[in-house]
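> Here's a structure for you.
Values in this text are rule-based calculations from the coordinates and carry no lab data. As the structure is a computational prediction, the values presented were derived from the model and not from experiment. Cβ atoms come from the backbone with ideal geometry, glycine included; neighbour counts cover every protein chain shown.
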Amino acid sequence: MSQILTMFSYDFMLRAAIVGLAISIAAALVGVSVVLRKNSMIGDGLSHVAFGAFAIATVLGLTPVWFAMPIVILASFFILRLSRKQSGDAILAILSASSLAIGTLVISINKGVNIDLNGYLFGSILSVSWLDVVLSLIITAITISLYVFAYHRIFAITLDPDFAKSIGIKTGLYDGIFAIICSLIIVLGMRLLGALLISSLIIFPTLTAKNLCKSFKSVVITASIISCLTFIIGLILSYLLNTPTGATVVLSSLAAYLLTKIYSLL
Amino acid sequence: MKTFLSTHHLSLGYGNNPPVLIDVNIKINKGDFVCIVGANGSGKSTLIKGILGLIRPKSGQISFENGLKPTNIGYLPQNTKTDPDFPALVKEIVLSGTLGQMKSRPFYSKKEQKIVENNLKRLQINHLSSHSFAELSGGQKQKVLLARALSATTELLILDEPSNNLDHQSKKDFYQTLKQLNREGLTIIMITHDLDTEDLIGNKIIALDNSSASTYTTKEYLKRYQK
């Protein structure tokens, strides 16, 4: 216990915990809609684009978060359009691989610049700044308000976008808002969990909550709680066991998923 | 007879592809029960997507008359489109039908609860209200989605192949329900296969063929095509 208390006396740990918890809630909320609409690959594609953008920003000497945000948002609109097309998944895969390749190439060409490639791919809690803390709290507040005030409309669109549109709900507007929030979550969470692991934050909580809940409302609430719990357990374990944070958080989410799956089959 | 909606030289299609339907002129009257028939790819779903405003006309227009508003139509999409495992309670789903009438109000009031209660009773599924959608049978699921459509309208229902994937008994039962709703004054447009005459339960047929639409009474249509 005392070890855990000492852990949070470090500034960087505290920052990582705040950003992680905030992003966990926002990612779980957005994830419910994204996963149930079978768009899980969007998060994966965006995180690869974010990696490319971070690499370019670092080489150019810009603040990665500010540089990556508009690029990832643009990519999210592009991916949204793709998702309505037949061969969208193949083009998404090309976009992911190409972004990863561009990022890696940019970093390797500029050997003079000191970049932690491993940190970008798999996360590094040391790199979380106070700016990240402020931005992630803002984005989480926005996401929660959106879910409170547009909850029923989000439900209708998630269940059946055609029906929602037919009764006059502005489905295109909500799709756009979700794409932007998804992008911001990925940009802010990427340094903590890494480009290759951040999309799990969006996907796991909903799948886990679905094992336990029957109603949409309970899925939304349970996903947010599970997301926070698995993050904080992963963070503490990674500190105690001295393992990489991103990977430990993902495995703690996997454990929660498997346990609830077994429970649901009993 | 009051006209509810009519199309004038309407052409519909997707993107830059050639139109699926060209110069469609149809008229739906209040109280009609219209079956839309045609081969796969003849544009049945495209026509109702146009009416519902899900796709924009390439040319021509759709007019709504006698107080019918485009967002006041109850739509039942093809049942393959709804995730059968979606985590939601029956009442959550049916309540979402009322959202179109709420303007920008964020939360449901007593009025919406009452609409839902009435529609669940009307379809005799009020005992399922707190059940999980994923655990219902195919026929029950279809009735829940019909209840949602009813909660969106008091005037016009549009159904896209509602009897797909239903067993014979559920289908008969579902058609009985539709006939009853029509007798109660609801106008209905339903896409159906015309392979089986028992699916042609309405008073009018709109047959789609070669990108164009022709209207018949059901009697005329049967005489002409199925002897």
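> Once each part is reduced to its C-alpha centroid, what is the distance from region A:229-266 to region B:123-192 in angstrom?
43 Å
> Counting only other chains, and only Cβ atoms inside 10 Å, what mean value do you get across the residues of B:161-167?
That average works out to 0.
> If one takes the longest principal axis of the Cα atoms in chain B, at what angle in degrees, from 0 to 90 and to the nearest 10, does the Cα axis of helix B:110-122 lie?
Once rounded, the angle reads 70 degrees.
> Let me ask something else about it. Suppose R0 equals 41 Å. What FRET efficiency, 1/(1 + (r/R0)^6) with r the Cβ-Cβ distance, do residue A:11 and residue A:266 give to the nearest 0.05?
0.40
> Using only the alpha-carbon atoms of the protein assembly as shown, report the extent along each of the three principal axes, biggest first, to the nearest angstrom.
Principal-axis extents of the Cα atoms in the protein assembly as shown, largest first: 82, 48, 37 Å.
> If you take each beta carbon of peptide A:166-176 and count the beta carbons of other chains within 10 angstrom, what is the mean?
5
> For region B:144-176, list residues with backbone N below 15 Å from a point placed 7 Å from the Cα of residue B:183 toward its Cβ?
B:173-176
> Sticking with this one: Can you tell me what the convex hull of the Cα atoms of chain A projects to on average, as an area in nm²?
14.8 nm²
> Can you name the helices of chain A, as whole DSSP H runs, whose Cα span along the helix axis is 18 Å or more and whose Kyte-Doolittle mean is not below -1.0?
What comes out of the filter, once short or polar helices are dropped, is A:11-36, A:41-60, A:64-83, A:88-109, A:130-149, A:171-193, A:199-212, A:216-241, A:245-265.
> Note the full-extension length gain between residue B:9 and residue B:168 as 0.36 nm times their separation in residues minus their Cα-Cα distance, in nm to one decimal.
Here the answer is 53.4 nm.
> Within region A:2-265, count lysine pairs with alpha carbon atoms under 23 angstrom apart where the residues are 8 or more positions apart or belong to different chains.
14
> Relative contact order for region A:2-265: what is it in percent, counting Cα pairs under 8 Å that are at least 6 residues apart?
Once divided by the residue count of region A:2-265, the mean separation gives 32 percent.
> Just from its helices, what would the mean residue ellipticity at 222 nm be for the protein assembly as shown, if runs of 4 or more DSSP H residues each count -39500 (n - 2.57) and the sum is divided by every residue, rounded to the nearest 500 deg cm²/dmol?
-19000 deg cm²/dmol
> Assigning unit charges at the beta carbon (Lys, Arg +1; Asp, Glu -1) and nothing else, what dipole magnitude in debye, to the nearest 20, does the protein assembly as shown show about its Cα centre?
Value, rounded to 20: 1180 debye.
> Give me the extension gain from residue A:258 to residue A:170: residue separation times 0.36 nm, minus the current Cα-Cα distance, reported in nm with one decimal.
28.0 nm
> Going out from 0 in 5 Å bins, what whole percent of all Cα-Cα distances in region B:82-153 drops into each bin?
Percent of pairs per bin, in order: 3, 18, 32, 24, 15, 7, 1.
> In addition: Cα-Cα over 20 Å: which of B:30/B:69; B:91/B:172; B:44/B:81; B:172/B:223?
Violating the 20 Å limit, Cα to Cα: B:91/B:172; B:172/B:223.
> How many angstrom lie between the C-alpha centres of region A:1-78 and region B:35-101?
Rounded to whole Å, the Cα centres lie 37 Å apart.
> Please tell me the relative contact order of chain B in percent, rounded to the nearest whole number, where contacts are Cα pairs under 8 Å and at least six residues apart.
29 percent
> So in chain B, what percent of DSSP beta bridges are antiparallel if you round to the nearest 5?
Around 50 percent of the beta bridges assigned by DSSP in chain B are antiparallel ones.
> Right, here's the next one. What share of the DSSP beta bridges in the protein assembly as shown is antiparallel, in percent to the nearest 5?
Percentage antiparallel, nearest 5: 50.
> Across the residues of B:8-15, average count of Cβ atoms on other protein chains within 10 Å?
The mean count of partner-chain Cβ atoms within 10 Å per residue comes to 0.
> What are the aspartates and glutamates whose alpha-carbon lies under 15 Å from the alpha-carbon of residue B:121, with same-chain residues fewer than 8 places away excluded?
B:112, B:184
> Below 18 Å, Cα to Cα, which aspartates and glutamates can residue B:141 reach? Residues fewer than 8 away in the same chain don't count.
Hits, sequence-local ones excluded: A:160, A:162, B:83, B:85, B:92, B:117, B:160, B:161, B:167, B:173.
> So, one more: Between helix B:138-151 and chain B, what is the angle of the helix's C-alpha long axis to the longest principal axis, kept within 0 to 90° and rounded to the nearest 10?
Once rounded, one gets 90 degrees.
> With the contact rule set at Cα under 8 Å and sequence spacing of 6 or more, what percent relative contact order holds for region B:177-224?
About 23 percent, as a whole number.
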